[in-house]
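Rule-based calculations on the coordinates, nothing more; no lab input. If you're wondering where the values come from, they're calculated on a predicted model, not measured in any experiment. Methodologically, a virtual Cβ is constructed for each residue, glycine included, from the backbone with ideal geometry; neighbour enumeration extends over all protein chains shown.
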Amino acid sequence: MFMPHSASPDRPGLGSGARAILIIAVTALALPVVLVILSLIRGEQWIAGPAAGAGYAARTRAWFDARGLFPAEFDTHSSRSFSWTATGGAFVIPLLDRSQVYQLRLTVRGASRAPDRPSQELVLAVDGLAVERVALTGHPQTFVVDIPPARRSRTQIGFTLSHGFVPGGHDRRELGMIVDEVALSRPDGWIRVPGRAWLAGALAGAALGLAFALIGGSLAWMLAAGFTVAAGSAWLLNLDAAFLGDDYVWRLVRFDLGVATGALVCGAVGRMRKGSIDGSARLALTAVLVVLALRTAVFLHPSVMKGDGFFQVHRAQLVHAGQYFFTSLTPRPFFEFPYAPGLYVAAMPMWTSFPSETDRLILLRTMALVTDAVAAFALFLVIRRFWGPAPAVVAAAIFQLVPVGLHTMCTANLTNAFGQSLFAVAVLLACWCLGRIPYAAWGLGLALLLAAAFLSHFSTLSTGAPIVLALALGLWTRSESRRAAVWMAAALALALVLSYAIYYSHFHEVYAKTISRVLDSGGQQQARSMVAPLSVKAGRFILALRYEFYGLPLLAGGIVGVVVLGARRASDAWMRALAGWLAVVIAFFVLGLVSPVEMRAALSAQPVVAALFGFGTAALWSRGALGKIAALVLGGAVAGRGLLDWLGCLGQVVSG
């Protein structure tokens, strides 16, 4: 059986009231103060860009809400997005400080270029009062509208066109004009952060400070963690002047209050189970919470890439209407497979509380992010038990930064992310609980969690079942853990039966059709297909391994972990379990190279890669000054790569 590593001594739950007040005060003040500083640095620059983003990214603007605009389109010649309007609409700025004069700049094109269309008249109005009346020519025209001082914060810049036109055919929209750019500036100074946004930022910071204070631990670490999240949130509020929008800042407040509530519950549980939360657990909780708060703040932002997000929302809407059985298609040659709705079912109790499609995308994304964070802490628990606290803390911090996990969230393949995170929680908690609770309860809990994971994504079932079987075989190799191996195999069997009976038994025709397509060798010369030649697939795999799946720093730290573990812990049962897990993933990679069958095995390797990196960097840290430098470089490179990925999701591409 696994032999636990000795844990570090316990520390008190919550520090003195003065410590808690200090942490809350720092985070409450840091967010609005940093936000004001960043807005001052921007100065008098125009906040400019298209009215919305087109295509797969589908970004929206943070500082205004647009009415009367159709979904954005993409101009291949200028490589920019543009938006057609209806014959009337408005740009609404919810939180503009109207004590000063501002200017709104619009770059538009009329629809009157065609000879059979009469010229259009455009009327621009501020808060319902017409301020400009112009004729549109069909060529790009720029208008600057003054927004005068007022006693209100909500500002509406309306537009009305004398007439529009209907393109005809299947397009029955009545189109008005094209909006190429919308921009805002204050001529005599910087765009001020409104008081309501300032106060909401302080409330969000205070909620985070309360969460860190409840976790407890080193005052310096708690202050650093609180300031890091507050500063990151302030930067995001400054991005595209999101502090002028009413939605984003209150999304942050609601999430941070939820985090504080979760920390309060964890603190209560810790007090009831005295001694269960020690210093390393507090540090790991802090690291997980920092990354979770920053990730969630990124994915709550209007500028974040939507990807397949609205596809996920539409599927969830079908579940809400009572439809549960779906299929999906792979790239060429279009293999069909069941599309399990576990995430959607889990979201249903909260579904009606989120009225808009964007709100519902936020709900699904947040659920996937929180489940991923729970998996990170579960990884900490099991590694601390068998390898000690140092590698466990590093692995927990790195887990949410593994590139493939970030990319999955960014492209909004949320059912896959949710299913794999739930699978990791099931397996890791089972390893941590092994020997601590009766086998019957242990096996039943594992079976139910595995079934929930298998019912969340087909690839989780396809890769997860062999992984659990490999773990059971690893337990079987030692006589004292064979009983656990039998219970794990039984739990897997029960999870498979439940998954099949509940969902996968409805797709026999789909399986038959897919098997026939797999056996068909056609399309081998399709460079982008799943049946591409081996050389093409190998090149794609190496490129993805370096840039998309893990990245060189993460792989380097993992290789160090493999070498050190191989030398020190050849007989470690947890090491053999990880080896079996990794062997299954590698087998799926090879299967994808030599056959048309490709599973999303990279995401299932996330816990193993994080665990090996944690052990590798912890081993380097113990090797003197040079080892510490190497560990810091690797950890910093992985964190920096995660930051660049987040910026990419926000459309802030950093070259070089």
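Past the 24 angstrom mark, what percentage of all C-alpha to C-alpha distances in the range 57-172 do you count?
Distances greater than 24 Å cover 31 percent of the Cα pairs.
Find, among the trypsin sites (Lys or Arg not before Pro) in the range 423-494, those assigned to loop by DSSP (not H, G, I, E, B) with at most 12 other beta-carbon atoms within 10 angstrom.
Counting only loop positions with at most 12 other Cβ atoms within 10 Å, the trypsin sites (Lys or Arg not before Pro) in the range 423-494 are 436.
Give the Kirkwood hydrodynamic radius (Å, one decimal) of the range 603-656, defined as one over the mean of 1/r across all pairs of different Cα atoms. Kindly include the intermediate steps, with their values, before the conclusion.
Numbers: mean 1/r = 0.0794 Å⁻¹.
Value: 12.6 Å, from the Cα pair sum.
Working from Cα positions, state the angle (0 to 90°, nearest 10) between the long axis of helix 458-476 and the longest principal axis of the chain.
20 degrees
Can you list the aspartates and glutamates whose alpha carbon is less than 18 Å from that of residue 513, not counting same-chain residues fewer than 8 positions off?
336, 598
Using Cα atoms only, what is the angle between the long axis of helix 309-320 and the major principal axis of the chain, expressed in degrees (0 to 90) to the nearest 10?
Taking the Cα atoms of the chain, the angle to 309-320 is about 70 degrees.
If one computes P(r) from the Cα atoms of the range 447-524, what percent of pairs lie at distances over 15 Å? Can you show the working numbers first?
On the way: 1896 of 3003 pairs.
In whole percent, the share of Cα-Cα pairs in the range 447-524 beyond 15 Å is 63.
In whole Å and largest first, what semi-axes does the C-alpha gyration tensor of the chain yield when each eigenvalue is scaled by 5 and square-rooted? Numbers along the way, then the final one.
Values: eigenvalues 434, 211, 92 Å².
Working through the eigenvalues yields semi-axes of 47, 32, 21 Å.
State whether the range 349-443 is rounded, prolate or oblate according to the following rule on the C-alpha gyration tensor (a ≥ b ≥ c being the square roots of its eigenvalues): a/c under 1.5 gives rounded; otherwise a/b larger than b/c gives prolate, and the remaining case gives oblate.
Values: a/c = 2.97, a/b = 1.65, b/c = 1.80.
Taking the square roots of the gyration eigenvalues as a ≥ b ≥ c, the range 349-443 is oblate.
Could you give the angle, 0 to 90 degrees to the nearest 10, between helix 279-300's Cα long axis and the longest principal axis of the Cα atoms of the chain?
Tilt of helix 279-300: around 30 degrees.
Could you tell me which of rounded, prolate or oblate describes the range 361-501, using a ≥ b ≥ c as the square roots of the eigenvalues of the alpha-carbon gyration tensor, with rounded for a/c under 1.5 and, failing that, prolate when a/b is larger than b/c and oblate otherwise?
oblate
So how much slack lies between residue 591 and residue 511, counting 0.36 nm per residue of separation and subtracting their Cα-Cα distance, in nm?
Extra length from residue 591 to residue 511 when fully extended: 26.9 nm.
Of 581, 420, 450, which is farthest along the charge dipole of the chain in the positive direction, counting Lys and Arg as +1 and Asp and Glu as -1 at C-beta?
Positive-end residue among those listed: 581.
Take the Cα coordinates of the range 164-286, assign each an equal point scatterer, and use the Debye formula without solvent to give log10 I(q)/I(0) at q = 0.14, 0.16, 0.18 Å⁻¹.
-0.73, -0.84, -0.96
When the Karplus curve 6.51 cos²θ - 1.76 cosθ + 1.60 is applied with θ = phi - 60°, which whole-Hz ³J(HN,Hα) does each residue of the range 369-382 get, with x for Gly and Pro?
Once rounded to whole Hz, the list reads 5, 5, 4, 5, 5, 4, 4, 4, 6, 4, 4, 4, 4, 6.
Quick check on the chain: helices-only [θ] at 222 nm, where DSSP H runs of length 4 and up contribute -39,500 (n - 2.57) each and the sum goes over total residues. Nearest 500, please.
About -19000 deg cm²/dmol.
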